[in-house]
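Taking it in order: structure first as structure tokens, then the write-up.
Bear in mind these aren't lab numbers, they're just calculated from the coordinates by the rules spelled out. Source: prediction; values computed, not measured. Heads up, the Cβs are rebuilt from the backbone with ideal geometry, glycines too, and the neighbour counts pull from every protein chain shown.
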Amino acid sequence: MAKAIVPGSFDPVTNGHLDIIERAAALFETVVVAVARNSTKTPLFEIEERIALLTEACKTWHNVTIETFEGLLVEFAQAHGANAIVKGLRAVSDFEYEFQMAQMNRRLNAEVETVFLMTGAEYSYLSSSIVKEIARLGGAVEGLVPDYVGTRLRAKFATGK
Ligand code: PNS
């Protein structure tokens with residue numbers, strides 16, 4: 001039984017994240033999307049809302065579940081009996097940091113393999129940070145995030161809630 005973890009902050013989920021989750025769901029029996037609680041970044045969306053947005057976005061993939069994690073990712077992976085951590089690579093610029101994390105995770109637990117999947121080319125320039133910046137400045141985020149995520153982003157920047 002091949003089980004993969006797709007980790008991230010998902011603040012908020014973008015169509016690029018969903019592209020990777022969909023690719024992982026086609027390759028692995030089970031996929032656990034792991035939302036980091038203790039990210040070093042200060043999130044725009046509370047963890048509950050990040051989970052709610054991901055749950056809506058992933059509802060059609062029946063082998064995908066959403067969970068949160070704190071602490072070391074490899075420990076979460078091992079506790080869930082997962083053999084793989086799936087990370088998306090958008091461009092060469094992602095590689096160095098991802099390589100460092102993958103090697104460190106292997107050192108921490110050699111039984112959990114990191115698997116890199118390339119995002120679709122149309123998402124190669126997309127990140128949650130850029131989407132938040134566009135929304136904050138009143139730009140259009142259609143096609144970059146699911147519609148309900150765009151609605152939440154607009155509300156967040158309009159009202160702060
Ligand atoms: O979406 P992000 O913010 O790029 O996700 C980064 C994340 C959460 C995947 C990464 O920070 C992580 O794996 N955090 C868990 C802590 C951990 O295991 N650190 C050691 C990795 S070398």
* Asked: What is the percent of Cα-Cα separations in the chain that go past 24 Å?
  -> 32
* **Distance-filtered residues of the range 1-34 - backbone nitrogen under 19 Å, label point 7 angstrom along Tyr97 Cα→Cβ** => 6-21, 34
* To do: At 20 Å minimum axial length over the Cα atoms and a Kyte-Doolittle cut of 1.6, report the qualifying DSSP H helices in the chain, or say none.
  => none
* To do: Please build a GNM for the chain, connecting alpha carbons under 10 Å apart, and tell me which residue among Asp94, Asp19, Asp11 fluctuates the most.
  => Asp94
* **Which of Thr14, Leu73, Ile47, positive extreme of dipole for the range 3-124 (C-beta unit charges)** => Leu73
* Run down the lysines and flag those whose C-alpha is under 16 Å from the C-alpha of Lys156, throwing out any fewer than 8 positions away in its chain. => Lys132
* Please give, to one decimal in nm, the separation of the simple spin-label points placed at Lys59 and Ala121, each 7 Å out from Cα toward the Cβ. => 3.4
* Straight-line reach from Lys3: which lysines have a Cα under 24 Å away, not including same-chain ones fewer than 8 places off? -> Lys59, Lys87
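Cβ neighbours within 10 Å, averaged per peptide: list 137-143, 82-88 in order, most packed at the top. Don't skip to the end; give the middle numbers.
Working: 137-143: 11.3, 82-88: 21.4.
My ranking of the peptides, most packed first, is 82-88, 137-143.
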* Structure fact -> Quick calc, the range 3-124, dipole around Cα centre from Cβ unit charges on Lys, Arg (+) and Asp, Glu (-), nearest 20 debye, gives 200
